[in-house]
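**Student:** So that we are looking at the same thing, I have put the structure below in C-alpha cells.
Derivation of every value follows stated rules applied to the coordinates shown; laboratory data play no part. For clarity, every value in this text was computed on a predicted model and none was experimentally measured. All Cβ positions, even for glycine, are placed from backbone atoms using ideal geometry, and neighbour counts span all protein chains on display.
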Amino acid sequence: MDRRKFSKLSAFGVVGLSEYGRFSNSFVKNKAYKYNLDYAPHLDMFKNLAGEDPIDQLNFIADLGFKSFEDNDMRKREISLQELMAKTMQKRGIRMGVFVAHEIYWKRPNLASGDKALQSEFLNYIKKAIKVAKRVNAKWMTVVPGHVDLTKNIAYQTANVIEVLKKASNLLEPHGLVMVLEPLNFRDHPGLFLSESPQAYEICKSVNSPSCKILFDIYHQQIQEGNLIPNIEKCWDEIGYFQIGDNPGRNEPTTGEINYNNVFKYIHSRGYQGILGMEHGNSFKGKEGELKVINAYKRVDKFI
C-alpha cells in the first residue's frame with residue numbers, strides 16, 4: 001500500500017478505508033467492531049463513505065462489523081436488485097431486517113375502517129410481501145394499520161384491525177414470517193390508529209399468533225409515551241423488533257435526550273437476539289456525519 005495513502009487511512013480510522021476500494025482489504029476486516037447487539041443500518045446511511053451502489057454499501061457495513069440491514073423500500077426495488085442484495089447479504093453473513101409490507105394510508109382510514117375492499121387490498125399486499133421476504137431472506141415486515149376512522153368507536157376499529165391481522169397471520173404462519181406492528185407518534189403522524197405500545201400489545205395478544213408482533217420504535221415511543229424501559233418490559237413477550245432514533249431530531253444515539261446506554265443495556269440483559277433497526281438520520285451531513293454515526297454506536301454499545 002502507498003505510504004501516503006496509508007497515512008490518509010490512518011487519519012480516518014478504520015471507517016475511512018471505504019474511500020479507497022471495494023472494502024475487501026484485510027485491514028478493514030480485521031478491525032471490524034464486535035457489537036453486543038444486532039444493529040441494522042439502512043440503505044444510504046453511509047453512502048458518502050461507501051458510495052452510491054447498494055452492493056458496495058452492504059459490503060461496507062459488513063466490514064464495519066454490522067450483522068444486519070433493513071430497507072423499508074425493499075418491496076419496491078427491482079427484482080434483479082433484490083436478488084443481488086440477497087446474494088451479497090448471504091455471502092457477508094448479514095441478516096435482512098424489516099421492509100414495509102404494504103401501502104400505508106397516512107391520511108385516511110384503512111384497516112380500522114372494516115372496509116372489506118381495503119382488507120382485501122391489504123391481504124394481497126401481504127401475499128406479495130411473502131414473495132419478497134423469500135427472495136431476500138427476510139423474516140420481518142412492517143405493518144401500519146393507517147388512519148383512525150372518526151365515524152366509528154375505537155372499540156369497533158380495534159376489532160376490525162384484529163380481524164384482518166388474524167387473516168394476515170394465517171398467510172404468514174406457514175412461512176415462518178412475522179409482521180411487526182409499528183405504533184407511530186402523534187406529532188410526526190397525527191391521526192393514526194396505532195400510536196402506543198400498550199395498544200399494540202393488546203392487539204397482538206388478541207391476534208394470538210407468532211406472526212403478529214410489535215415493532216417498538218424507541219424514537220416514536222419516547223415522544224408518544226416516554227417511560228421507555230418500563231413499557232419495553234411490559235410489552236416484552238410481544239416485541240419482535242426494535243428501531244432506533246434519538247429525540248429531538250430523529251438522529252443517531254447520543255444526539256438527543258434518550259439514555260441509549262441504559263436502554264440498550266436493558267434490552268441486552270433480557271437476552272434479546274433480534275435486530276435493532278437504525279431508522280434515523282445522521283446529525284451531520286457527508287462523511288463527517290457518517291463517521292459520527294459509527295462512533296456513536298460504538299460509544300453506546302460498549303457500556304452494555
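**Student:** Cα convex hull of segment 198-249: mean projected area in nm², to one decimal?
**Tutor:** If you wrap the Cα atoms of segment 198-249 in a convex hull and average its projections, you get 3.4 nm².
**Student:** Now for a separate question. Which residue, chosen from Cys212, Ile130, Ile239, occupies the Cα position most advanced towards the positive end of the dipole of segment 130-259, where the dipole is computed from +1 (Lys, Arg) and -1 (Asp, Glu) charges on Cβ about the Cα centre?
**Tutor:** Positive-end residue among those listed: Ile130.
**Student:** Further question: Taking N as the number of residues in segment 123-219, what is its alpha-carbon radius of gyration divided by 2.2 N^0.38 Å? Each step should come with its number before you reach the end.
**Tutor:** Working: Rg = 13.4 Å, N = 97, 2.2 N^0.38 = 12.5 Å.
Segment 123-219 yields a ratio of 1.07.
**Student:** Let me ask something else about it. So which trypsin sites (Lys or Arg not before Pro) in segment 134-213 end up in coil per DSSP with only 13 or fewer other C-beta atoms within 10 Å? Intermediate values should be presented prior to the final figure.
**Tutor:** Details: sites: Lys134, Arg135, Lys139, Lys152, Lys166, Lys167, Arg187, Lys205, Lys213; in loops: Lys139, Lys152, Arg187.
Here the trypsin sites (Lys or Arg not before Pro) that fit, given the DSSP loop and packing criteria, are Arg187.
**Student:** For segment 43-128, what is the Kirkwood estimate of the hydrodynamic radius, computed as the reciprocal of the mean inverse distance between distinct Cα atoms, to one decimal in Å? Working shown, then result.
**Tutor:** Numbers: mean 1/r = 0.0679 Å⁻¹.
Averaging 1/r across every pair of different Cα atoms and inverting gives 14.7 Å.
**Student:** Taking segment 131-179, how much of its Cα-Cα pair set, in percent, is spaced more than 12 angstrom apart?
**Tutor:** On the way: 806 of 1176 pairs.
Of the Cα pairs, 69 percent sit more than 12 Å apart.
**Student:** Another question about this same structure. Could you pull the Cα extents of the chain along its three principal axes, largest to smallest, in whole Å?
**Tutor:** 70, 41, 33
**Student:** For a quick check: with amide H placed at 1.01 Å from N, whose amide H comes under 5 Å from Asp217's, ignoring anything fewer than 5 positions away on the same chain?
**Tutor:** Those lying under 5 Å, H to H, from Asp217 are Gln243.
**Student:** Now for a different question. Count the DSSP beta bridges whose two residues both fall in segment 87-198, then state the antiparallel fraction as a percent rounded to the nearest 5.
**Tutor:** Given both bridge residues lie in segment 87-198, the antiparallel proportion sits at roughly 10 percent.
**Student:** Which whole-number percent is the relative contact order of segment 45-96 (Cα, under 8 Å, 6+ apart)?
**Tutor:** Across segment 45-96, relative contact order equals 41 percent.
**Student:** To continue, here is another question. If amide hydrogens are placed 1.01 Å from N in the peptide plane, which non-local residues have theirs closer than 5 Å to the one on Ile275?
**Tutor:** Sorted by chain and number, the residues that satisfy this are Phe242.
**Student:** Ok, one more. Work out the length of the dipole vector of the chain about its Cα centre, built from +1 on the beta-carbon of each Lys and Arg and -1 on the beta-carbon of each Asp and Glu, and round it to the nearest 20 debye.
**Tutor:** 1060 debye
**Student:** I need to check one value: relative contact order of the chain, counting alpha carbon pairs closer than 8 Å and at least 6 residues apart, in percent.
**Tutor:** It comes to 17 percent, rounded to a whole number.
**Student:** If you take the beta carbon distance between Lys76 and Asn261 as r and set R0 to 35 Å, what does 1/(1 + (r/R0)^6) give as a FRET efficiency, to the nearest 0.05?
**Tutor:** Given R0 = 35 Å and the Cβ-Cβ separation, E is 0.45.
**Student:** Which length gain, in nm to one decimal place, applies between His268 and Lys34 when the Cα-Cα distance is subtracted from 0.36 nm times their residue separation?
**Tutor:** Fully extending the segment from His268 to Lys34 adds 82.8 nm.
**Student:** With both partners inside the chain, how many of the DSSP beta bridges are antiparallel, as a percent to the nearest 5?
**Tutor:** 5 percent
**Student:** How far apart, in nm, are two points set 7 Å out from the Cα along the Cα-to-Cβ line at Asn153 and at Lys298?
**Tutor:** In this crude label model, Asn153 to Lys298 measures out at 5.7 nm.
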